[in-house]
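The values are calculated or read from the model by the stated rules, or taken from the named source; none is laboratory data. What you see is a predicted model, and the numbers here were worked out from it, not measured in a lab. Because the Cβ atoms are built from the backbone with ideal geometry, glycine has one as well, and the counts that use them run over all protein chains shown. When the accessible area is computed, the model is the full protein with side chains, heavy atoms only, and any ligands, DNA or RNA have been set aside. Shrake-Rupley method; radii C 1.70, N 1.55, O 1.52, S 1.80 Å.
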Amino acid sequence: MALNVGDKVIFKIFRYDPEKDKAPYYQDFEVTITRKGMMVLDGLNQIKWEQDPTLSYRRSCREGVCGSDGMNINGMNTVSCMAHIEDYNSDVLVIKPLPGFPVVKDLVCDFDDFFNKYYAVKPYLIEKVPPPGRERLQSPEDRAKLDGLYECILCGCCSSSCPSYWADPDYLGPSALLNAARFVLDSRDDGSDERLDIVNNIHGVWRCHTILNCIHACPKELNPTKAIAALQKEILKRKY
């Protein structure tokens, strides 16, 4: 259905405050389309600023860069600042926190485990030789290997969509593994061997079952499954 300025959309939002609620529930809010191209985040702001200031969700840059506003909208993980209300072709949006993450309050999830797994893959350049006297040079061909890897905004949408991530609490997940690949494939990095040792186990690259949910969930259109396959290839190259 086409939505126009002045139309109303119902936001059916997951609510849960562990300090006072015995169980989660959904609450309906009416959002008015005030301009073409309104994002879901704009609707959430309208609710918080005009209807219910207790509604909790994360937001920051509103430009699809910070990744803080990851959530599930009509069954699909995305970031609310990149989700156009009109693209859902519906006058009802069901908005939930990211699946598989503990809920802190309403749409706010606990990301401690997610970031601990990110830190575990050592997502930074590792040097084993003295730094050069000038910048570290990289050929255009080597730089191109990082395309589709460095753009990750750590929104958690891919890991939250992964059944293996739900089933195995120790699985690093597609986001951490994609970020591991970003540095393993970087020609300027000297830490590939130790990083590959970290991911070369049943809770690392070998837990991926190529279900491909992560690809469909990524709001930046990245391919974590391809990155995981690249890590597997690098492991086998070093082994044989």
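Anyone know which of Arg188, Arg136, Arg62 comes out most mobile in the 10 Å Cα GNM of the chain?
Between Arg188, Arg136, Arg62, it is Arg136 that shows the largest mean-square fluctuation.
How many percent of all Cα-Cα pairs in region 1-76 sit more than 14 Å apart?
Numbers: 1911 of 2850 pairs.
In whole percent, the long-distance tail amounts to 67.
For Ala83, list long-range residues whose amide hydrogen, built 1.01 Å from N in the peptide plane, is under 5 Å from its own amide hydrogen.
Under 5 Å from the amide H of Ala83: Val40, Leu41.
Across region 92-105, in residue order, what do the Karplus-derived ³J(HN,Hα) couplings come to in whole Hz, using 6.51 cos²θ - 1.76 cosθ + 1.60 with θ = phi - 60° and x for Gly and Pro?
So the J values, rounded to whole Hz, are 9, 10, 9, 10, 10, x, 4, x, x, 10, x, 8, 7, 6.
What is the percent carbon and sulfur in the accessible area of region 77-192, measuring with a 1.4 Å probe over the protein chains and ignoring ligands? Walk me through the intermediate numbers first.
Values: 2820 of 5250 Å².
Carbon and sulfur atoms account for 54 percent of the accessible area of region 77-192.
Before anything else, pin down the relative contact order of the chain: Cα pairs under 8 Å, at least 6 apart, normalised by residue count, whole percent.
Working: 408 pairs, mean separation 42.9, N = 240.
About 18 percent, as a whole number.
So for region 111-173, Kirkwood radius off the Cα pairs, Stokes-Einstein at 20 °C and 1.002 mPa s: how many µm² s⁻¹?
Working: Rh = 14.6 Å.
So the translational diffusion coefficient is about 147 µm²/s.
Sorted from largest down, what three extents in whole angstroms do the Cα atoms of the chain have along their principal axes?
Extents along the principal axes, in whole Å: 60, 39, 31.
Taking a quarter of the surface of the convex hull around the Cα atoms of region 144-206, what do you get in nm²? It would help to have the intermediate numbers written out before the result.
Numbers: hull surface 17.8 nm².
About 4.5 nm², averaged over all directions.
Tell me the accessible surface of Met76 in square angstrom (1.4 angstrom probe, heavy atoms of protein chains only), to the nearest ten.
90 Å²
Normalise the Cα radius of gyration of region 64-133 by 2.2 N^0.38 Å (N = residues in it) and let me know the number. If you can, show how the numbers build up before the last one.
On the way: Rg = 17.7 Å, N = 70, 2.2 N^0.38 = 11.1 Å.
In units of the globular-protein estimate, region 64-133 measures up at 1.60.
Which value, in debye to the nearest 20, gives the size of the charge dipole of the chain about its Cα centre, when Lys and Arg are +1 and Asp and Glu are -1 at the Cβ? If you can, show how the numbers build up before the last one.
Details: 30 positive and 34 negative charges, 100 e Å.
Taking the Cα centre of the chain as origin, the dipole is about 480 debye.
Per the helix-only calculation at 222 nm, which mean residue ellipticity applies to the chain, given -39500 (n - 2.57) for every DSSP H run of n ≥ 4 and division by its residues, nearest 500 deg cm²/dmol? If you can, show how the numbers build up before the last one.
Working: 9 runs with 75 residues, N = 240.
Value at 222 nm, helices only: -8500 deg cm²/dmol.
Take the Cα radius of gyration of region 21-163 and divide it by 2.2 N^0.38 Å, with N its residue count; two decimals is plenty. Spell out each step's value before the answer.
Working: Rg = 19.2 Å, N = 143, 2.2 N^0.38 = 14.5 Å.
Normalised Rg, Cα atoms only: 1.32.
Please state the relative contact order of region 1-71 as a whole percent: Cα pairs under 8 Å, 6+ residues apart? Walk me through the numbers before you get to the answer.
Details: 70 pairs, mean separation 17.5, N = 71.
Relative CO of region 1-71 lands at 25 percent.
For a quick check, take a GNM of the chain with Cα springs below 10 Å and name the residue from Pro99, Pro224, Pro174 with the largest mean-square fluctuation.
Pro99
Tell me, what HN-Hα J-couplings in whole Hz come from the Karplus equation 6.51 cos²θ - 1.76 cosθ + 1.60 at θ = phi - 60° for each residue of region 78-91, using x for Gly and Pro?
Listing the rounded values in order: 6, 9, 5, 7, 10, 9, 6, 4, 5, 5, 7, 6, 8, 9 Hz.
Once you have all Cα-Cα distances for region 100-240, histogram them in 10 Å bins from zero and send the whole-percent values.
12, 42, 33, 11, 3, 0
In whole Hz, what ³J(HN,Hα) sequence does region 13-28 give by Karplus (6.51, -1.76, 1.60; θ = phi - 60°), x for Gly and Pro?
Residue by residue, region 13-28 yields 10, 5, 10, 6, 10, x, 6, 9, 9, 6, 7, x, 8, 10, 10, 8 Hz.
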